[in-house]
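Okay, structure first, notes after.
The values are calculated or read from the model by the stated rules, or taken from the named source; none is laboratory data. No experiment lies behind these values; they were computed from the predicted model shown. For neighbour counting, all protein chains shown are included, and Cβ atoms are generated from backbone atoms with ideal geometry for every residue, glycine included. Heavy atoms of the whole protein, side chains included, go into the accessibility calculation; ligands, DNA and RNA do not. Shrake-Rupley method; radii C 1.70, N 1.55, O 1.52, S 1.80 Å.
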Amino acid sequence: MGATILNRRRFNEALLATLPVSPSEMESLRALAGTEGAGFSRLLVSRGLLTPEGLLRAYQSLCGVPPFRRDADTDTPAPADFLPLSFLRAKLLVPVSVADGELTVAMADPLDSDAREAVAKVTGKRIEVVAGTEEEIREAIEKGFGEPGSSMERLVEQVGDDAPEVAGDERVEQLIGVASEAPIIRLVNFLMARAIERGASDIHFEPYEKALRVRYRIDGILEDVESPPRRLQTAILSRIKIMARLNIAESRLPQDGRVRLRIAGKEIDLRVSTIPTLYGESVVLRILDQATVPLNMGTLGFFPETLSTFRPMVAAPYGMILVTGPTGSGKTTTLYAALREIASPARKIITIEDPVEYQIPGVIQIQVKPQIGLTFASGLRSIVRQDPDVILVGEIRDRETAEIAIHSALTGHMVLSTLHTNDAPGAVTRLLEMGVEEYLLPSVLIGVLAQRLVRTICEGCAAPRDLSPALREDVLREAGFVPEGNLRIGRGCDACGGTGFRGRSGIFELLPVTDGIRELILARADAGALRAKAAAAGMRPLREDGWEKVRRGITTVEEVLRVTRAG
């Protein structure tokens, strides 16, 4: 008989009750439990509040899921040719044994109901779940089903055992020598090429006491990948620093640099950031691949009715348009697409950004350099004297930049910029809180676009779905209703790396500044009043835009909840 599986929310609540923490810390963790969801137990382990073995005991005591015992469980190995290796790695599950129509599967996350359902559907068998640590599952996957002598293994073998583990000033020459050797170069190139092949936006090299962890951010979600051994950490990170022309001898201060590579026949820019940690330097590479950026507003995910309103705003001769959302929500991509659409020989367009991520033909782009006094505010003053028609300000961060941008719009320029607010009405109140005079905003502000990015369901493994009672309860509590329509889910395949998602799409909330909105701005109305007025005029809220994508089978309920919960 299968184990009794709790839903995620109830498990997180029960797990919290077992932790020996102070009341104030408990409140903080309770808030995290609501936002982290599936990652909450991993967060507790990473913070040292729970051991991997303690998590296994929790799965057993709270959910009735027995622990994975590798030596005993693998006497009758289960075939895995019906499940892609990429799916096993992505979902951190491994078939253990099969008997009498029942397949035993070891999972690092036994509460992943979608993964369980996918295995049951593909195999046609009843599923019995056992719980294992992430390390145990990865080891079992590679030993049982991984390809012998994988590329990573061969490259690591070629490096040998001579790479220095610790960098010191007196070993810089040795470090440069090892980092410049062919095996290390091939290993670093392999890690980069694999990330680009999988469509990653970032590569994270994270040092820990006994391991170097490598993760790729794919469609906005971090995924663990096969990592080199800890002994190669210094050589690998030194190679990256050499490529980015950073100071290889400096490991105590953060550094930033860029790398341009030609991989798979195309030019790739990498933005490199290092920061010192307890066990060495943490390095993040942002992959800037022009070919993957949809510089066309028609491909960003706008519904036709929203796009038909937004396009005339962007094409206006003067005024201000703001795009809002958290980091990583696609704001810059939307603005780039808007610039690409309105660029013409008759218009002069200048941008000031931090950083300049992609080059746009026909557009003059400026990189801010605060260390020499070139800030958004100072750069914007100079841009106005260059006789532009359109100005893009990467971000409005302070009152000075906001006032210069508004006065630029007042004097006949079209100004596009971003703000970090949760929704469209919040952008107005944020500017007023910065100290912008309320009588200036209604004269220049044309519209505010809030957005998020949701992962889209992989068409290669999409299948109809019915929401479980537990998920229906969660959605009903969050949204007040359960969306109906062409509900689908990705079951996981080679094309999507076993995740069930491939690509991302925007969800949007567009606030046109009408006469009614202008009156509320002059009265310094709060965001709630602005939202009510805009909704009455037909504004589709951010989450409702997401629900419409769920109804049309573009994304899942979980995705909409994940990206809009904070908003």
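Quick notes on this one:
- Under the Debye formula (equal points on every Cα, no solvent term), log10 I(q)/I(0) of the chain at q = 0.06, 0.11 Å⁻¹: -0.36, -1.17
- The range 84-137: proportion of alpha-carbon pairs further apart than 19 angstrom, %: 16
- Computed from point charges on the beta carbon alone (+1 for Lys and Arg, -1 for Asp and Glu), the dipole magnitude for the range 85-143 about its Cα centre is near 260 Debye.
- The chain - Cys residues lacking any other Cys C-beta under 4.7 Å: Cys63
- Cα-Cα separations in the range 345-441 greater than 22 Å, expressed as whole percent: 28
- Cα→Cβ-extended label distance, 7 Å offset, between Val122 and Asn296, nm: 3.3
- In the range 233-341, the alpha-carbon atoms span a convex hull of 158 Å³ per residue.
- Each peptide in 335-347, 390-402, 426-438 was scored by the mean count of other Cβ atoms within 10 Å over its residues; highest first, the order is 390-402, 426-438, 335-347.
- For Asp219, the accessible surface of its heavy atoms amounts to roughly 30 Å² (probe 1.4 Å, protein chains only, rounded to the nearest 10).
- Members of Lys91/Lys125; Lys241/Lys331; Lys91/Lys143; Lys121/Lys549 lying beyond 21 Å, as alpha-carbon distances in this model show: Lys241/Lys331; Lys121/Lys549
- Across the range 284-387, Cα-Cα pairs more than 18 Å apart make up 56 percent of the total.
- Student exercise, the chain dipole from Lys, Arg, Asp, Glu Cβ charges, in Debye to nearest 20: 1020
- FRET efficiency, 1/(1 + (r/R0)^6) with R0 45 Å, evaluated for Ala343 and Ala249 via beta carbons: 0.55
- DSSP beta bridges in the chain [antiparallel fraction, %, rounded to 5]: 65
- Over the C-alpha trace of the range 218-282, radius of gyration and Dmax come out as 13.3, 38 angstrom.
- As computed over the range 407-500, the Cα convex hull volume per residue (Å³): 182
- Theoretical FRET efficiency, 1/(1+(r/R0)^6), r = Cβ-Cβ of Leu278 and Leu49, R0 22 Å, to 0.05: 0.80
- Distance (nanometres) between label positions extended 7 Å along Cα→Cβ at Glu438 and Leu410: 1.7
- Full-stretch length increase - Ile185, Glu209 - with 0.36 nm per residue and alpha-carbon distance subtracted: 6.2 nm
- Applying 1/(1 + (r/R0)^6) with r as the Cβ-Cβ distance of Leu476 and Arg551 and R0 = 25 angstrom yields a FRET efficiency of 0.95.
- Relative contact order, percent, the chain [alpha-carbon distance under 8 Å, six or more residues apart]: 10
- Relative protection proxy for 443-454, 464-475, 529-540, from highest mean packing down: 443-454, 529-540, 464-475 (other beta-carbon atoms within 10 angstrom).
- The range 279-398, accessible area per residue, ligands and nucleic acids excluded (1.4 Å, Å²): 43
- Under the simplified labelling scheme, the Ile364-Leu261 pair shows an inter-label distance of 3.5 nm, with each label point 7 Å from Cα along Cα→Cβ.
- Accessible area of the chain belonging to carbon and sulfur atoms, whole % at 1.4 Å probe: 50
- Chain lengthening between Ala99 and Asp515 when straightened (0.36 nm per residue, less Cα-Cα): 142.7 nm
- Mean silhouette area of the range 456-495, derived from the convex hull of its C-alpha atoms and averaged over all directions, reads 3.3 nm².
- Solvent-accessible area per residue, Å², over the range 495-567 with all protein chains present [probe radius 1.4 Å]: 41
- Protection proxy ranking of 224-237, 412-425 - average other beta-carbon atoms within 10 Å, highest first: 412-425, 224-237
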